[in-house]
Structure formats: C-alpha cells, structure tokens
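Quick note: the coordinates plus some simple rules give every number you see, no bench work behind them. Keep in mind that this is a model prediction, so the values were computed, not measured. Positions of Cβ are generated from backbone atoms using ideal geometry, with glycine treated the same way; all protein chains shown enter the neighbour counts.
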Amino acid sequence: MVNFKKNSLAPISALKYLFKKPHTVRYPKEDLNVFYLKGVSPRYRGLHTNDLSKCIGCGSCAKVCPANAIMMVESKDVKPANKFAKTVRPVIDYGRCCFCGQCVDVCPTRSLQMSREYIHSFHPKLSTSSEKEPETVVEDFIWRPDQTHADNPGYVRT
Amino acid sequence: MMFFLKLIQSIGVGALSISVGLLFMGIGRKITARIHRRYGPPAIQNFIDVFKLFSKNSISHGFAYDLGIIAGTSALLAAVVFLPVGQINLFPANSSLIMILYLMTMAYLGMAMGVSSSGNPNATIGISRALTMMMGYKVPFAAVIFSVYIFARTGSLTNIIAAQSGGLLNWNMIRLPFGFIAAEIALQGMLGEKPFDMAIAPAEIASGPMVEMSGKYLGFGMLQHAVGIFLETGIMVNLFMGGAPNVWIFVIKQFELFFIALLVNAILPRFRVEEGVSFMWKIPLLLGVIQALIVVL
Amino acid sequence: MSEWKELADYFRGRSMWMLHYCTGCGAIELPPTMTSRWDMERFGVVPMATPRQADILLITGYLSIKSLKRVVYTYEQMSAPKWVLGFGSCTINGGIYWDSYSVIKRLDKYIPVDLYIAGCMPRPEAILDSFVKLRELIKKGEAKGYEKYVKNFEWYKANQDKVFRRTTPVLKKPEEVTKSA
Amino acid sequence: MLKHVEKLRGMGLEANPLKDWEFEVSVPKERVAEVLSYLKSTGFKAFIHLACVDWIDEGEFELVYNLESYEDALQAVVKTRIPRNNPTMESMISIWGLCQVYEREVHEFFGIEFVGNPNLKPFFLENWMDIPPLRKDFNTLVYSEELFEFKEDETHGIKAPKRIEHK
Amino acid sequence: MELRPLNVSNTNDKYKTYELFIGPNHPGISGNFSYVLDMEGHKVANVTPDPGLLHRGFEKLMERRLWTQNLALIPRICVPEPDVNEVAYCMGVEHLAGIEIPKHAQYIRVIVLEMARIAAFLFSFAGLGGSTGLYTAPNWSIGDRDYILDLFEWLTGGRVYHIYQYPGGVKKDIPDGWLDKLLELLDYLESRLPEYDNLIFRNPILQKRTKGVGYLPAEKAIKNGITGPNLRASGIKWDIRKAQPYLVYDELNFDIPITGEGDAFARTLQRRLELEESIKILRQCANQIPDGPYKVKIPNPFQFRVPAGSYYSKVESSKGEFGYYIVSDGDVKPYRVYVRGPSYSVGLYYANEIMRGMRIEDVPVWIHTMDICPPDFDR
C-alpha cells in the first residue's frame, strides 16, 4: 500500500516539467495527430453529407431524428434514381441537430453520411435589426447536405 | 533646477518599475505554464492586458472607492522613488528603508478603504484576509530588518549597500543566513504568491478585493501589483545581495528572487488565513529572532 | 481619434478575458480548452471570477429560464466593450430540448450574441477557432453586440419580461380541470 | 431474498421478485408507513428514491419508494396507488429525514400534497402558474410554442399517414 | 454595571447574518448551481440550496420520444460521466424487453464504463486542485483525461457524448489497433500516478486543507442516501459491481479499497485508489475480450415495442449509484422514466446539515470532494 504521509519535499518533483516539452496541441498551427488520419478521429460525427442521386427521399431520417432537425424539402435540381424515388431531399437544421448519428443508421440507401468537418460559426451582420436577427441566425444554420465534404467521410454506415 | 532634474528622474524610476514589474508577471505566467506542461501567453501579455483594461469604461462605487485605489498605486510609486536602483540613488537620506516600509503599509490601507466601500461581501472578506496576512508577514520581516540594522550599524540603505561591497563573500546573504531565509518566506507573503494568496482566492471569494474592480480600476490594481513586485524584490536585493553596480544587474538579481517565488507558487495550494499567519509566526519569526541574537551578541 | 480606436481594438482582441461561468452542458469542453492540452491562454483568454473583470461571456449550451435571469444580471454587470459567444445548437434554435417547457429556444431574443458556433458541444478546436474569429471581428470593429443591446433596450426587455414576469398561466385551462391544492 | 418475499406475503401484501436481488411490493395507501418502517428495521436502511407515475387512464398516481439493504445486498421497490384528484399522502419524514427533498420535488411536478412535510415551497421551477408539468395532461410542446413564440411542424414535411397519437 | 458577555452581539437578530451567494456564477462550483449562505463573519450559519438552474425537464421529454431516440437525449444528464446513463438505460430496456446481449458487447460496455470512470476521477482531481489553489493539478489531470477522450472519439465518434450504447449491444465494433492503443494509454496513466501522489496526495498544505473537513461517519452516510466512493470513504464496503454484479463484472477480479476516515482527504484518496483498480480492470478486459457479434438485431426504431412492466436498473458511477426506474405500457414510447442521480440527496438535503458552521474556505473543498454534479438533481 503506497504510503501517503505528509512530505513537504514531494511537490518539488513537479518542477522537472520546466525542462520538458509541453504536450499542448497548438491548434491553428498544429492539429491533433493521435489517429492514423490527421485531425479528428476517422469515425467522427461531424457535418452531414448526402449523395443526392442515391437518396430516395423516404423521410425515415426525418422521422427518427430525436431533435426534430430534419425537414424534407422539394428540390428541383435532382433527378430521381428510380420510379419510387420522390424528389424531396433532407434539409438539416444545425440549430437543432445533436450529432447523434441515428439518421445515418436508419437511412435505407446509405446515402446520408457524416463527414469529419466540424468548424462553422456565424456572425450576425451589424445591419440586421434586432427583431430580424433571430430569424437570420436560424436561416444561416439550415443547409441541405450534399457532396461538398464527401471526400472526408467520418461516421459512415458500414 | 535640481528639483526638476529629480522630478524627471523619479518619473523615470516609476516607469522603469512598472515596465519591469509587468515584464516579470508576463515571464512568470510563461514559467508557471511550463510547469503546467503547456505554452503560456506571450511574455508581453501583461502590457496588452493593462492597455486593454485602460481602454474599457469602468463602474465606480463612489468617491471613497476611487480615492482608495488611486492611493494604493500612488503610495507604492512614491515608495519606489526612495529605493536605490543600481547606481540611481535619488534620495540617499539615512532612513529610506523605514520610509519604504511605511508607504507599503499605506498602500494596503488605502486599497482596503477603497475596496471595502464597494459593498460586496466578498471584497470585505478578502481585504480582511489581506490585512491579517500582512500582519502575519510584517512581524518576521521587522525582526530581519532589525538584525540587518544592528549588523551594519546604520539606518540608510546606501551605507548598507556600501558595507556589502566587494565580492560575493561579504554579502549579507552569506553573513546573515537565517535572516535571509526568514526574509525569503516573508517575501512570498508580500508578493501574495501561492501559499499565502488567500486574499485573492478566486475559488472561494471570487477574487477577493478585486471583485468589484472593472476596467480602469483593475488596470490600477495590476499596476500596483507590478510596482509591488519591483519594490519588494528590490528591497531584498539591496538588503541581502549588496545592491548592483548598474540597473541591468539589479533587474537580473531581482528576477532570481522572483523566480524562486514563482516555483513555490506553482506547486503549493493556499493556506487558510490563520494557518498562514501561524506558519509565518513559527519558523520565519524564530529564524529572525535567532539572527537578531547572533548579531547582537 | 480613429487610430486610437484601432489600436484599442487591436489590443482588446489580443487579451479577451472570459467569465468563468458554466451556464450549460457545453461547459465540459471548457476545462480541456483552458488547461494543458489545448491551452487557450496562448490567445490571452483567461477565466476571470467576476463579471466586472470579464470581456466575453460564453453561453455554453442551453439556458433554462432560471439561469437566463442570472445570465441577464451577469451580462448587464459587465463593463462596456463586452461580447457574447453562443456555443452549440441550443443557443441557435433550441437544440435537442426543442419541446422543453423550461429551456429558451433563441438566445438572440434576450441578449445580443456576437458569434454562434455550430456543434452539439463544440470541440476545443472549434472554441479556439471561434476565439480567433472573434479577434478578427473585434479588429474589424464589427463585433458591436453591446451597442445593439443599448439601442434596442426596450425590445430586449420586453422579450425578457414575457418569460420572467408571467402573471397569467400560459396554457389555456384544459376542459376537465384537475386543479390540485 | 425469498425470505423477505414470503414474510411480506404473510402480511397480506402481494410481492413478487423482479431479479435475483430486487423484489417489488404493492401496498395499499394506509399501510405504507408500517411496511416502510418494518423494512427499515430488517436491514433496508438506505432510502434510494421516491418516484411518481401518473396513470391518467385509471385516474391514479403511483408512488414508488425504493429501498436498499447493504448487509444482504437487496433492493425493495414499494409501490402504492393514490387517487388522482386532490391527491394527498402522509409524509415519511419521521422514518427518513431524506424524504423531505424527494417529496418536495414530487409535490412540485405532480401536485401531490404531503401532509407533515414542513417546506413544500417551489423547488426547481420559478414563478410557475400552470398545472404541475410532469402530469400527462400537461402538453409541453404547446406550452413552449406559446411561451417562446415559435411554430413547430411535426410532420417534417412528409405527407405521411397520420401518426397514431397516444391520447 | 454588569458587563455584557463578549459573544452576544448587541445588534438585533435581523442583522446577525449577511447573505452571500455561492452563486451560479462562481468558480468554486463544478456546474451551474447556487447555495444561498447566511454568513456570520466567515462562518456559515445557514444554507438554502437553490437548484433548478439546469432543469430541462428530461422526464417529460423522454415520454415524448421513441425508445431508441431517448439514447441521444440521455447522455446529457450527467455531463462529467455520460456513459453511465446510456448503459443503465440500455440495461433497463433490455431487461424489460428480455434481450440478451452477446459477451463481446458486454465486455465493450465494461471497457467504456471503466474508461469513463477514470476520466471522471481525473476530473475530480482537477476540481480539488481548483478549489484549493493548486492550479498545476487541474492542468495535469485534465490534460491526461484528454487522452482518454481521444480513444473515446476513435471508438464511438464523439468526444464527450458518445451515444454508443443501443438496446441490444453497441453501435459499432472496436476498430483494429484500438486495444493496443488502450494498453499504451494504461501504461502511460500508471506512470503518471506517482507524480500525482507527489503533487497532490503528499502535499503537506493540501493535507492540512482537506483533513478533517466535512467529516461523515458511517451511519450518517447511509441515513443521508450517500453512495459510491463517498460511502466507501466512510468505511462501508458496498460496491454494486461486487455486491450485485451486472454485465461481466463477476468474471473480473478487482478489490474495493476502503479508506474509512470519512473526511475530505479520505474521499480524494478513495478516488485515487479506485482509479488504480479501474486501470487493473481495463487491463483484464483488454486481454480477455472474446470475439463475437457486437450487437443483437432489434426491430427498427419505429416498431420497437417494450412489453409492459417496470424495472429499476442501476450502475456504479464515479459519483455513486446511478439508477433508471423505467415504466413501460407496451407502447413505442416509454410511459415514465425516473432518473436517480447520485448527488441528489447530498447536494440538496445533506448540504444544510454539514455546512452549518463550516468556514467559507472549506465550502468549495467540500463540494468538490463530495463530487456534486448539479445536473444530477436538476434533470
């Protein structure tokens, strides 16, 4: 049993870190490299990506979302993959999404995936008056996921 | 004519003490950060902080509040003028040490008057702790000064420095070893470093006396702390390390003492108030009295 | 006079003091950012104990009505050039508590927010990235949330009173009243 | 564990084991104090929690007292039913001082009046004038839409068949 | 003229005590919670806890969501240690639905629980260091805790909220190379423990600050519903993992340290010794884990119904006994879920009794050594 007797010279051993290299990740210059990929983990649940051609617009991701963050919105620029496919596509409101990944698990055609991107911040312009500011903030965080971050897949359904 | 020359020189010494104090605090944050295994802020961070604080607008709590905080900083600046810094020795009067000690306690009392009129209970608890802690470390420090006076048989700092000239061997640090250790622990209390910083305890009383200081008042508080560092380490250098031929060696010697205080600061938690005072009156007071007896006999 | 303002803004961006107040569940990502692994002190951001000394107020996650009242007190105690950072999705549109009776949905109706950060609890990297972005905004002089609070004070106060000073019950009486004692 | 269950059945209450270290006892309202003090005397010294379930169809509240005995590692779940309109229940403060806090919370969320509990002041909610929130007939979505002025579209834009709403 | 005894103050009683807030905005508190203290000088005369600042009405929200949707909501209850909620909820649902999860998944659950336990213990060291002024301790311990979060991020995809358990097992299998990274981390943590001993536990001033603070005898601990390390620090040998083993704890050998003095220092020492036990458990799990399926197939979320019944499932968390009382009436949504947080009775009921007469310096030390987690009782 290690003894924990009061010893006033014990804390001095902490001073050896004066000459050791700190283990800080200096974020803007360096990035986390603990995994075989640089940056966040290979399975990270970040912002969504959606393969608009594979997606059949069934809406099960919208129904399963615990934060009610997904709306199915009509999108013209999409040709349906087969005759069942509707032309509605999921639109995710990042003011609601809790990044739990249940929509990725329940997507029947595995088109909705999560990427390893996570940086997004929004500064409401000075010109917008206070009354309209809450609406502009909510609009800015509602997107339709598409293939922009597809090259950086994170939490995908195997 | 001599008056204007003295005025400009004393403003120079005041500015030197503020910038050296702030530089020490900046380097100190970097060193404690290294012990925490991280990179600290840039060394000039405290200059940026002070400039930012003076650019904010601040909330006053009445005339006594403003007077108290300004009194604190100006008393310390007045004390710095009497300190012989390297070869600059503005007022070589023979009782400059007593003057400095009196002005230092004046600074704390001014701060106490201002802060306790801010009405925040945290501030009153904090300042009552600061004053009891000051009583704690002043007693051994007085014993040490008494022994130095008897040893050098003179009251003025310039003669004490002269008595120590000539080589490391006849520094007071070597000739009065117990006095130096007692003064070193008292210095830890004066600087308000970790084992004795229960006055500014953020976790218990939300940073004690500085709880209502915003903007410019906090800027003055930071200046006061910077000048305090310069002054207290300066007294120790003059008393025990034989002054310095020029200013740069003086600053380097000051940094040695401040470095020791930093290391102790990083690895110890803080005492309770009466534990701190009882610690101060046990070992350092004993060493001071032994030193005084050795010198007297 | 404007060079003085630019110089002041330059220095204000370099030393933003953060208020040590964990309002919501996002506060669990602040200790790693403050301590040795991510170390936000490199940007001059230091946790301060009282609103008087702080410049930025971090609303980390959701706010229940009770803690919104304390946040409004704290926000009004801070001295003038002050900024608010909204962490996570709960400050934007209610997050996962969209149907909760005691959590506010849009933070912007109660206090002006200067920067919103996406993420249901943004990572330490996202927090450090937001400090860098806030520094740019301050240097460009665009982060003026505190002036907007003073300009539309009545509108903000009206929203806050709607939530704090309710005199009548919110729900219409259900048909079969099972009023307890 | 079965020794306890037989003893309780002997006292005219119906008890059945849930798992090899947990059993439940359902007790009429008046005998709760007697059963709790009996269990406390036979070793169930730790009071774990007091929960309340709102059976709105049968018009009853169900109070669940959960006790634990550290000597023989057992868990007792004591259940009782009280009527739903102006529900009152005698307070268990005399047996465990701890119940004051749990009863105050159940009073605030369900509106059950605990006779003998000194402070039943508001606890978690400030300035609350509606019916107690955790009751089944309190609709939290309508409340938050009214108070925080937003409209929620629960159909997610899907023209799906109408969902079977519970009540 | 008889003299008035010294300690009777001549002011009337109304001004005897002044009000001080260990308020929501206070660095000594580990979360958003406030005590209203009536102070006499620097001693506490009376305490009225003022909870509700983190109240989100979880139990109401859980009644409006499907069984598996709740899994995204549940980790947000106790923030320093979210996995305990997920495992307790999943065990309750599996018991009601009669699902038996494979051995491989049970081992993964024990690994996740013990890693979260180590992270929460390191977090409590940081709290102690922060409240007594030893700022090196939080920097070291939260820096090491970050390495555990990196492993969590690799295994589950999320840093703090893992949303990884699922009724019927876990969502994804262990990635290859993860287990030897775990063993590496355990060796690193083992090498760090002596340094923590020297800095925190043998520090003379820290022992002076924590010895004798908040003394808690054994029977008072039971009477006030205190569980977990605080109970074991008062001398009672009760650990749910040993007494009522769940998952695979009966196949692992580990012992329960008892420090027994019952004061603040004994509680921190208790957490440090249990951290060593958790490292031992993790090493055994990493070596003994069998291969096999990581989950059992369950119907998709919209048709997953749990047969009617009620059950109280509990897990030994780093703060005490974390329990879920789940009532289901056979519908797609739970009928009622009651969450029993370990620091409920400590923070709200026992605080008034212990804090009377305590000094202002010891209040944050007591709060951090009892490891009070405010979202537990606000829910």
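If I model a spin label as a point 7 Å beyond the Cα along the Cα-Cβ vector, how far apart are those points for D:Glu152 and A:Lys79 in nm?
4.1
Suppose the chain between B:Met2 and B:Ser19 were pulled fully straight at 0.36 nm per residue; how much longer would it get relative to their current alpha carbon spacing? Intermediate values should be presented prior to the final figure.
On the way: separation 17, 0.36 × 17 = 6.12 nm, distance 2.59 nm.
Stretched fully, the B:Met2-B:Ser19 segment lengthens by 3.5 nm.
Considering all alpha-carbon pairs of the protein assembly as shown, what whole percent are spaced by more than 50 angstrom?
Working: 205615 of 697971 pairs.
Every Cα pair in the protein assembly as shown considered, those over 50 Å come to 29 percent.
Taking the Cβ-Cβ separation of C:Arg166 and A:Ala150 as r and a Förster radius of 51 Å, what is the calculated FRET efficiency to the nearest 0.05?
On the way: r = 48 Å, r/R0 = 0.94.
So the FRET efficiency works out to roughly 0.60.
What lysines does D:Lys29 reach when the alpha-carbon gap must be under 16 Å and sequence neighbours fewer than 8 apart in one chain are set aside?
D:Lys79
Please state the Cα pair-distance histogram of chain D with 10 angstrom bins from zero: what percent is in each bin?
Spelled out bin by bin, chain D gives 9, 32, 28, 18, 10, 3, 0 percent.
Kirkwood hydrodynamic radius (Cα pairs, Å) of segment E:57-378?
Values: mean 1/r = 0.0494 Å⁻¹.
Here the Kirkwood hydrodynamic radius works out to 20.2 Å.
Using a Förster distance of 35 Å, how high is the FRET efficiency between C:Val132 and A:Lys21, based on the Cβ-Cβ distance and rounded to 0.05? Could the numbers behind the result be given before it?
Working: r = 24 Å, r/R0 = 0.68.
It comes to 0.90.
For segment E:236-379, rounded, prolate or oblate, judged on the Cα gyration tensor with a ≥ b ≥ c (square roots of eigenvalues), a/c < 1.5 rounded, else prolate if a/b > b/c? Write down the numbers at each step before the final one.
Numbers: a/c = 2.88, a/b = 1.36, b/c = 2.12.
In terms of gyration-tensor shape, oblate.
Just add up the charged neighbours of E:Gly98: K/R +1, D/E -1, any other residue whose Cβ is under 13 Å from the Cβ of E:Gly98. Numbers along the way, then the final one.
Details: positive: D:Lys19, E:Arg305; negative: E:Glu94, E:Glu100.
Cβ neighbours under 13 Å give a net charge of 0.
Whole-Hz Karplus ³J(HN,Hα) for segment C:122-137, in order, using 6.51 cos²θ - 1.76 cosθ + 1.60 and θ = phi - 60°, x for Gly and Pro?
x, 5, x, 5, 5, 5, 5, 5, 5, 5, 5, 5, 5, 4, 4, 4
Which percentage, to the nearest 5, of the DSSP beta bridges contained in segment D:2-125 is antiparallel? Present the calculation step by step, with values, prior to reporting the outcome.
On the way: 24 of 32 bridges.
About 75 percent, rounded to the nearest 5.
Given a Förster distance of 30 angstrom, what is the FRET efficiency for B:Ile283 paired with B:Asn94, based on the Cβ-Cβ distance and rounded to 0.05?
Working: r = 32 Å, r/R0 = 1.07.
Here the calculated transfer efficiency is 0.40.
Calculate how many DSSP beta bridges within segment C:2-164 are antiparallel, expressed in % of all such bridges and rounded to the nearest 5. Provide the component values of the computation, followed by the final result.
On the way: 1 of 13 bridges.
DSSP beta bridges in segment C:2-164 are roughly 10 percent antiparallel.
What does the net charge come to around E:Asn203 if you take all other residues with beta carbon closer than 10 Å to its beta carbon, with K and R at +1 and D and E at -1? Before the final figure, lay out each step's value.
On the way: positive: A:Lys6, E:Arg202, E:Lys208, E:Arg209; negative: E:Asp197.
Here the count lands on +3.
Could you check which residue among A:Tyr118, A:Tyr27, A:Tyr94 shows the biggest mean-square fluctuation in a GNM of chain A with a 10 Å Cα cutoff?
A:Tyr27
Just tell me how shielded C:17-28 is by partners: mean number of partner chain Cβ atoms within 10 Å of each residue's Cβ, no decimals.
On the way: counts 5, 0, 2, 10, 7, 11, 6, 8, 13, 2, 4, 8.
Average per residue, whole number: 6.
Would you mind getting the Kirkwood hydrodynamic radius of segment B:22-125 from its Cα pairs, rounded to one decimal in Å? Could you put the intermediate results ahead of the total?
On the way: mean 1/r = 0.0607 Å⁻¹.
Evaluated on segment B:22-125, it is 16.5 Å.
State, to one decimal in nm, how far the label point of E:Asp331 lies from the label point of A:Thr109, with both points 7 Å from Cα in the Cβ direction.
3.4
By DSSP, what percent of the beta bridges with both residues in the protein assembly as shown are antiparallel, rounded to the nearest 5?
Numbers: 68 of 88 bridges.
Around 75 percent of the beta bridges assigned by DSSP in the protein assembly as shown are antiparallel ones.
For segment B:140-204 and segment C:127-174, what is the separation of their Cα centres, given in Å?
Value for the Cα centre distance between the two parts: 54 Å.
Under the Cβ-under-4.7 Å rule, which cysteines of chain C stay unpaired?
When partners are defined as cysteine Cβ atoms under 4.7 Å apart, chain C leaves C:Cys22, C:Cys25, C:Cys90 without one.
Can you run phi through the Karplus equation (6.51, -1.76, 1.60; θ = phi - 60°) for segment B:120-128 and list ³J(HN,Hα) in whole Hz, with x for Gly and Pro?
Residue by residue, segment B:120-128 yields 8, x, 4, 5, 5, 4, x, 6, 5 Hz.
Can you tell me which lysines have their Cα less than 16 Å from the Cα of E:Lys211? Leave out same-chain residues fewer than eight positions away.
Partners within reach: A:Lys5, A:Lys6.
Need one number: nm distance between label points at B:Glu256 and E:Ala45, each 7 Å from Cα along Cα→Cβ, rounded to one decimal.
In this crude spin-label approximation the distance works out to 5.4 nm.
On average, how many beta carbons from a partner chain sit within 10 Å of the beta carbon of a residue in E:252-259? Write out the running numbers ahead of the final one.
On the way: counts 0, 0, 0, 0, 0, 1, 0, 1.
So the per-residue partner count for this stretch is 0.
With a ≥ b ≥ c the root eigenvalues of the C-alpha gyration tensor of segment B:199-288, is it rounded (a/c under 1.5), prolate (a/b larger than b/c) or oblate? Can you show the working numbers first?
Working: a/c = 2.38, a/b = 1.23, b/c = 1.93.
Oblate, since a/c reaches 1.5 and b/c is not below a/b.
Given Cβ point charges of +1 (Lys, Arg) and -1 (Asp, Glu) and nothing else, what value in debye, to the nearest 20, does the dipole of segment B:2-296 about its Cα centre take?
Working: 18 positive and 11 negative charges, 92 e Å.
Result for segment B:2-296 is approximately 440 debye, rounded to the nearest 20.
Starting from the Kirkwood Rh over alpha-carbon pairs, what translational D in µm² s⁻¹ does segment B:2-296 have by Stokes-Einstein at 4 °C and 1.567 mPa s? Can you show the working numbers first?
Working: Rh = 19.6 Å.
Rounded, D is 66 µm²/s.
Output the lone cysteines of chain A: those with no second cysteine's C-beta under 4.7 Å from their C-beta.
Here A:Cys55, A:Cys58, A:Cys65, A:Cys97, A:Cys100, A:Cys107 come out as lacking a disulfide-compatible partner, given the Cβ-Cβ threshold of under 4.7 Å.
At 37 °C and a viscosity of 0.692 mPa s, what translational diffusion coefficient does Stokes-Einstein give for segment E:146-289, taking Rh as the Kirkwood radius over Cα pairs? Give it in µm²/s as a whole number.
On the way: Rh = 17.5 Å.
Reported coefficient: 188 µm²/s.
Looking only at other chains, what is the average number of their beta-carbon atoms within 10 angstrom of each beta-carbon in D:15-25?
2
Residues of segment C:121-148 with backbone nitrogen within less than 18 Å of a virtual label 7 Å along the Cα-to-Cβ line of A:Thr128, please, listed as ranges.
Counting only backbone N, you get C:134, C:137-138, C:142-148.
What is the angle, in °, between the Cα long axis of helix E:178-196 and the longest principal axis of the Cα atoms in chain E? Nearest 10 is fine, range 0 to 90.
20
Quick one: grab the alpha carbon gyration tensor of segment C:2-164, order the square roots of its eigenvalues as a ≥ b ≥ c, and give me rounded if a/c is under 1.5, else prolate or oblate depending on whether a/b is larger than b/c.
Working: a/c = 1.83, a/b = 1.20, b/c = 1.52.
Note, shape of segment C:2-164 comes out oblate.
Under 5 Å between amide hydrogens, which residues at least 5 positions from A:Val73 or on another chain qualify, with H placed 1.01 Å from N in the peptide plane?
Long-range HN contacts for A:Val73: A:Arg89, A:Val91.
Starting from the amide H of A:Ile142, placed 1.01 Å from N in the peptide plane, find each other amide H under 5 Å away whose residue is 5 or more places distant or on another chain.
Those qualifying (amide H under 5 Å, at least 5 residues apart or on another chain) are A:Tyr94.
Can you compute the helix-only [θ] at 222 nm over chain E? Use -39500 (n - 2.57) per DSSP H run of at least 4 residues, normalise by all residues, nearest 500 deg cm²/dmol.
That calculation yields -12500 deg cm²/dmol at 222 nm.
In debye, nearest 20, what is the charge dipole magnitude of segment C:1-93 about its Cα centre with +1 on Lys and Arg Cβ and -1 on Asp and Glu Cβ, if you could check?
With only Lys, Arg, Asp and Glu charged at Cβ, the dipole is about 300 debye.
Which distance in Å, rounded to a whole number, links the C-alpha centroids of segment C:55-104 and segment A:15-91?
For segment C:55-104 versus segment A:15-91, the Cα centre distance is 26 Å.
Helix E:264-288 versus the longest principal axis of chain E: what is the Cα-based angle in degrees, 0 to 90, to the nearest 10?
The helix E:264-288 is inclined about 10 degrees to chain E.
Read phi for every residue in segment A:141-150 and hand back ³J(HN,Hα) as whole Hz from Karplus 6.51 cos²θ - 1.76 cosθ + 1.60, θ = phi - 60°, with x for Gly and Pro.
9, 9, 10, 9, x, 9, 8, 4, 9, 5
If I fit a long axis through the Cα atoms of helix B:273-296 and take the longest principal axis of the Cα atoms of chain B, what angle between them do I get, 0 to 90°, rounded to 10?
20
Report the one residue of E:Leu348, B:Ala78, C:Val163 whose Cα lies farthest in the direction of the positive end of the charge dipole of the protein assembly as shown (charges on C-beta: Lys and Arg +1, Asp and Glu -1; origin at the Cα centre).
Value: B:Ala78.
Which GluC sites (Glu not before Pro) in segment E:69-109 pass both tests, a DSSP loop state and at most 11 other beta-carbon atoms within 10 Å?
Working: sites: E:Glu86, E:Glu94, E:Glu100; in loops: E:Glu100.
In loop regions of segment E:69-109 (DSSP not H, G, I, E or B), the sparsely surrounded GluC sites (Glu not before Pro) are E:Glu100.
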